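Below: the structure, in structure tokens.
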Amino acid sequence: MTKSLLYKIFIILVFVNGCKAQSDNNTIVGINKDIETLNLKGPVKEIKSVVTTNNEDQYSIQNMLLFNSDNRVRGYVLYKNGLLNKSYPWFYEFDQKNNVYRLPSQNHIRVIDTIKMWSHYDMTEDRFSGKILYDSIDLKDKMKFQPKYSFIEHFGESNLEQDIYKLFVNYFRIDRFDKTLNVFYYKYDIDTKGRIETRKHYSKGFYNCINYKDSINEFQKEPFKYLKDEEDLDYKWDYYYDGEDRIVKLILTNVTVENERDGMNIRNKLIYEFEYNAKNKVKELKISSTGTKSPEPILNKKYKYEYHPTENYLISKEIVLDSIYFYKYHDGGSTEYTDIHSKIHYNEHGDIIKREFLSERSQIINARKDPYEEWWRNPFAPRFYEYEYDKHNNWIKCTAYLRGVKTPKPSLVIEREITYYED
């Protein structure tokens, strides 16, 4: 089979539909789509967002409000099978004439007051750059996987931006400006009961590519000719189960940190431990970590989940941060987060309707009667969200009150234009 014919097959399977045989989103049951935390329903094709801020606020305050919002503000393009095609920041606008996303001015988008903060940057992006192409052979093989359970950590705050029972598909990301092809490869070991035992995550960049299509074809022929554990392995996951085949522990090892020897105490492992209720729903998640200089696990975070008594959907999640997180910075070292104890409330559609902060310090600060008085010194003010929905129960308008009370003018209004493949 010639290289040209191989490429044509690849394009038919991946570039046009993601996978022709799996054009229906609902058929992909055992694969992570990389957008689980967006809580999307139906055959979504593209999401465009517009943010309206309170123009009575200073620009710095508007930016802080946008940063504190619990809802992501980005644009997304999906393949027909639901896999991610491309995402881009909300302040880009596509210029069809020049084939780039450009930073819009006040005149290009309705009311985005914060845009002035970015006006001194020359931010352009080739529309094809950042595009994701999935490995059609790997996709077809992993489509056979049938998980017994499902658990998605909503909004990914525990670093589980995925369904832990599902598989990731190998993919390629293209940057035509830098002539770079980035490869993301997932190698799984599956046991005799059809459960994931280990997952290895590799990444590698091919630079100065004359033709990224040829590079993809060559890589697909023999991946581990190019991928080396000592150079390209980033993370390793180990899975542990109970007698009912439920995941009770995950250990994430940061291999890149393990290979460093700079003398700093750097977080190198995360340990996730799960407890379930009688309906096989996760009721508690504990996250511990170890450091290169502190091998004994330290409890970092604890999540408690509450579900509707009859409908069984998530109604609240309580988060407690107990101790030190180890992070690698440019100069090494670690940092300590304190005063984080919050509770998130969800509606029947799985969207956040309220976040409250429960630590003693937060409650003292929140006792102030004036929500405008030095509010930016208090990122722990309660947050409220109201939604309008389309026929697929995806929200198309989110009104956010982030100052601790529902003020006459909302802090942000996020509007989403969602198009579907059926349209």
Loop only by DSSP, 16 or fewer other Cβ within 10 Å of the Cβ. Give me the GluC sites (Glu not before Pro) in the stretch 199-284 that pass, ordered by residue number.
244, 260
At 37 °C and a viscosity of 0.692 mPa s, what translational diffusion coefficient does Stokes-Einstein give for the stretch 177-270, taking Rh as the Kirkwood radius over Cα pairs? Give it in µm²/s as a whole number.
211
Pairs of Lys in the stretch 203-249 closer than 15 Å at Cα, counting only those 8 or more apart or on different chains:
5
Set 33/187; 200/286; 304/409 screened for pairs whose C-alpha atoms are more than 26 Å apart
304/409
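Just so you know, all these numbers are worked out from the coordinates, no wet-lab data involved. The shown structure was predicted, so the numbers you read here are calculated from the model rather than taken from an experiment. Neighbour counts run over all protein chains shown; Cβ positions are idealised from the backbone, glycine included.
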